[in-house]
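Encoded as structure tokens, the structure appears first; notes follow it.
The values are calculated or read from the model by the stated rules, or taken from the named source; none is laboratory data. Here the structure is a predicted model, which means the values were calculated and not measured. No Cβ is skipped: glycine too gets one built from the backbone with ideal geometry, and neighbour counts run over all protein chains shown. Calculation scope for accessible area: heavy atoms of the full protein, side chains included, ligands and nucleic acids excluded. Shrake-Rupley method; radii C 1.70, N 1.55, O 1.52, S 1.80 Å.
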Amino acid sequence: MGTAIILKSPREIQIMLEANQIVADTLVMLQKNLTIGMTTMDLDAMAEEFARSRGGIPAFKGYRGFPGSLCVSINEQVVHGIPSSKVILRDGDIVSIDFGVNYKGYFGDSAITIPVGKVGNRVEELIRVTSQSLDKAIEQARVGNRINDISRAVQQHVEKNKFNVVRQFVGHGIGSQLHEPPEIPNYSRTGRTPRLLSGMVLAIEPMVNIGGYQVKVLKDGWTVVTADKSPSAHFEHSVLITDDEPVVLSRRK
Ligand code: MG
Ligand code: MG
């Protein structure tokens, strides 16, 4: 993989829109059907069946050996949770669901965090602020801005609300590869970052913790958890830069 940011043609953008709409519709379906008592493996099976019925191939399954179609991360799990028939959704949990598909050779990628039953006030606020921080980042996804304008928008909104952004994992370009340049951190950096150009597609994905920003990876080699075991939320959209408004390819209808 080179370091150049690949600009997409109108034909590629059309396919990526379709790929991302499969992802978006899958997430909406999961949100509608998710109930207390289900396992995270149940969610995985529903997602895979739904996406395949629409012509999408789950992108994460087999990616560097990841075993699931979904990344399902509960409570203090940040990202990359492995679906399991032993993990039961309980009242008061939050569940972050990240899904990607390959459709006609191009990728879609999006994530949401869903409360299960009744969650605490601060956790509800965490979900709201994380989702808002993604909206504020998308607002900066414009020609003339730089990657760091996106990063800064996330960090400012999150820290204003006394939460913390994860540093160790970042967003990314997306196209014929699931992960393409550039990296899109959720915190501001010094130094020059790439300028945004029409035709770029960026997967912007704030990961936000109630406690400290530090995370660690569990012994399964995948599951990322907060170091202090505080709850974490994750939202992601695949966004097209245009000469006009940003286009959220993974927008949920
Ligand atoms: Mg994702
Ligand atoms: Mg992603």
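The HN-Hα couplings worked out from phi for the stretch 79-96 by the Karplus form 6.51 cos²θ - 1.76 cosθ + 1.60 (θ = phi - 60°) are 8, 6, x, 8, x, 8, 6, 9, 9, 9, 6, 10, 3, x, 6, 10, 10, 8 Hz, whole numbers, x standing for Gly and Pro.
Evaluated over the chain, the count of Lys pairs having alpha-carbon atoms less than 16 Å apart is 6 (only pairs 8 or more residues apart or interchain).
Of the trypsin sites (Lys or Arg not before Pro) in the stretch 97-170, the ones in a loop by DSSP (not H, G, I, E or B) with at most 15 other beta carbons within 10 Å are K104, K118, K162, R167. Restricting the trypsin sites (Lys or Arg not before Pro) of the stretch 4-82 to loop positions (DSSP other than H, G, I, E, B) with no more than 11 neighbouring Cβ atoms within 10 Å leaves nothing. Rolling a 1.4 Å probe across the protein heavy atoms gives the chain an accessible surface of 44 Å² per residue. Counting only Cβ charges, +1 for Lys and Arg and -1 for Asp and Glu, the dipole size of the stretch 10-248 around its Cα centre is about 540 debye.
The overall shape of the chain is oblate: from the C-alpha gyration tensor, with semi-axes ordered a ≥ b ≥ c, the ratio a/c is 1.5 or greater and a/b is no larger than b/c. The local environment of A51, defined by Cβ-Cβ distances under 14 Å, has a net charge of -3 under the rule Lys, Arg +1 and Asp, Glu -1.
For the stretch 155-225 versus the stretch 71-86, the spacing of their alpha-carbon centroids is 18 Å.
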